[in-house]
1. For residue A:30 and residue A:432, compute 0.36 nm times the residue count separating them, minus their Cα-Cα distance, and round to one decimal in nm.
2. Counting only DSSP beta bridges with both residues in chain A, tell me the antiparallel percent, nearest 5.
3. Would you kindly work out the equivalent ellipsoid of region A:66-211 from its C-alpha gyration tensor and give its semi-axes, the square roots of five times the eigenvalues, largest first in whole Å?
4. Which distance in Å, rounded to a whole number, links the C-alpha centroids of region A:152-207 and region A:511-543?
5. With the contact rule set at Cα under 8 Å and sequence spacing of 6 or more, what percent relative contact order holds for region A:447-542?
6. Tell me, what is a quarter of the convex hull surface for the C-alpha atoms of chain A, in nm² with one decimal?
7. Normalised by the residues of chain A, what does the relative contact order come to in percent, with Cα pairs under 8 Å and at least six apart?
8. Can you list the aspartates and glutamates whose alpha carbon sits under 13 Å from that of residue A:79, skipping same-chain ones fewer than 8 residues off?
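Where a number appears in this text, it was derived from the coordinates with a stated rule and is not lab data. Everything quoted here is computed from the prediction, not taken from an experiment. Reconstructed Cβ throughout: ideal geometry from the backbone, glycine too, with neighbour counts over all protein chains shown.
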Amino acid sequence: MDFLKLADLLFPDNRYTVSEIEEKYKKRELKTGAEVTRFAPSPTGYMHLGGFFQALIDCNIARHSNGVFYLRIEDTDQKREIAGASAIILGILHDYDLMPDEYQLKGGVTVGEYGPYYQTERAEIYKAYAKKLVSEGKAFPCFCRKTEGLSDVLENREKKFAVGMIEEKDPCRNLTMEQIEQNLKDGKKFAIRLKSENDGTHKIKLHDYLRGEIEIQENSKDAILLKDNLIPTYHFAHAIDDTLMGTTTVIRGEEWIASFPLHKEIFDVLGFAQPKYIHSPLLYKFDEQGNKIKLSKRKHPEADMRYFDKEGYVKQSVVEYLFNIINSNFEVWRKNNPLADLSEFPFDGFNITANTPIFDIVKLNDVSKEIISKWTAQECYRGLLNWAKEYSLENVDYLIKDKEYVTKVLNIDREKPKPRKDIYKWSMFFELFDYMFGAVKSFELDENDKNEFENVIRNYKDYLDLSSKEVWFEKVKAMAEKLGYATDNKDFKANPEKYKGNVAKLCEFIRIAITGRKNSPDLYEIMSLLGENKVLERLSQHA
RNA sequence: GGCCCCUUGGUCAAGCGGUUAAGACGUCGCCCUCUCACGGCGAAAUCAUGGGUUCGAUUCCCGUAGGGGUCACCA
């Protein structure tokens, strides 16, 4: 077989040769220890939390080593591509302060010397390498019928597993030049397959920087390199791009471990050295049966990064929650450095857990509460308003008009050494403080509390005094004494039978009347913000 | 089914041959307090399992089980 002739036959009009390409892509000049990482999503939808998790690792490894973090769009599956997805991805990276050093805007600017950063725009590059491999007899054209989509695959797979044999070598590898010429003459499309030299009996080693040495069966499959539209598969593009673009460490999901042997053979056959690998864990949730399942956009709204924006989570919360998973000493560091910037954390991308973490929104909420509790009322107001402008339009006018009042509400139990921690996302604000905005929920009292509740509220109208917090509470105590409630908690505990209850119980009744709930921030603050008239109005509704 | 990864409390997890097995979230209790919170203190709760190796295994090795991944002209 004349491979040179075959290569020319298959690729008669390639724009570049391999040497021309390698001339153009200079080796990066890096300081010692600098890592080049990349986030390489396929634009098939909105950004997935799991993808974001990886981008976070990518970016931080690069930044903490004074390296380079770049964005490469893997748009080789045009069927699944969703228009505009790549712009959204870049937008999210920007908003979360993970802006890549190199990237490309579709139809716009390119930042960086190693582009194009869209794989479809690199088609000629892959073709050049494919031609080279064919000319060396290391790859061949395949004219077989293609498998189309997942359902096809699943069906095939069932048969294959039943027999227990999966044919690794493709029949087209034995085609004669005449047969190939005939196929071409017939206008048949071809894909390019790797002509694997292995028989699958050997083991190879993968050094994964999280898991250590992994021994796997070598690849022996004639895998597709170029699809019949001459666009590469992930595997081929990975070898070429990460080499040309100078990636030093590939961070990708652990689902790629299984295809590592193929990648190794491709790198070998191309004469490339492999980068370092980190196969990071995927994010999981429990399903109804208690099994772990991958966090998926279809089943879990929080798998879509837009969810956090929509709900009004603070960006820092999402990042810090994820940091907890990446490096669990983060929490300790945060506790010791409550105000420090995230970039000061001694991030260690090579020491991530290899476990499969369950995404825990309760924990996220706690992280978020902690963060927001440190904000000033002004900052909160701005956060709330910005969120509303995007996701709660009906409240924007009000927020602007009554800025002062809203800020005061936000300021209750805030801006003090031990602030209240109840807000973790902006969308909960109006619900949490409904009673400050006119809507008091009705509260189901215990049957035996009902009469006493009315009695207390009726009396309280005469004791209401908001002139100062001290006076306010003196009056409450005065009423307590009159109605037979304990004003001294210790005395109450010692002799509970002497009293109807303590001041706490009394305050609970008042709180319920004013706010419709058993817990709320400082009652006096609430009442004085509401004003005497409104307070009296609410008391009257109950007695 | 083959191959591979993972396995410390409900969850996230420290630990890397000798520890009373950290810490955080959640749960519960107590204390503080002029109310709700905040905060403080405390409790329950974990090394999947069986064999080795060792004076000694959560830590090392092998098997078993469970969970997960993968086996596309998807990434």
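1. Using 0.36 nm per residue and subtracting the Cα-Cα distance, I get 139.5 nm.
2. 55
3. 36, 22, 19
4. 76
5. RCO, region A:447-542: 29 percent.
6. In nm², the orientation-averaged hull projection of chain A is 34.1.
7. 11
8. A:148
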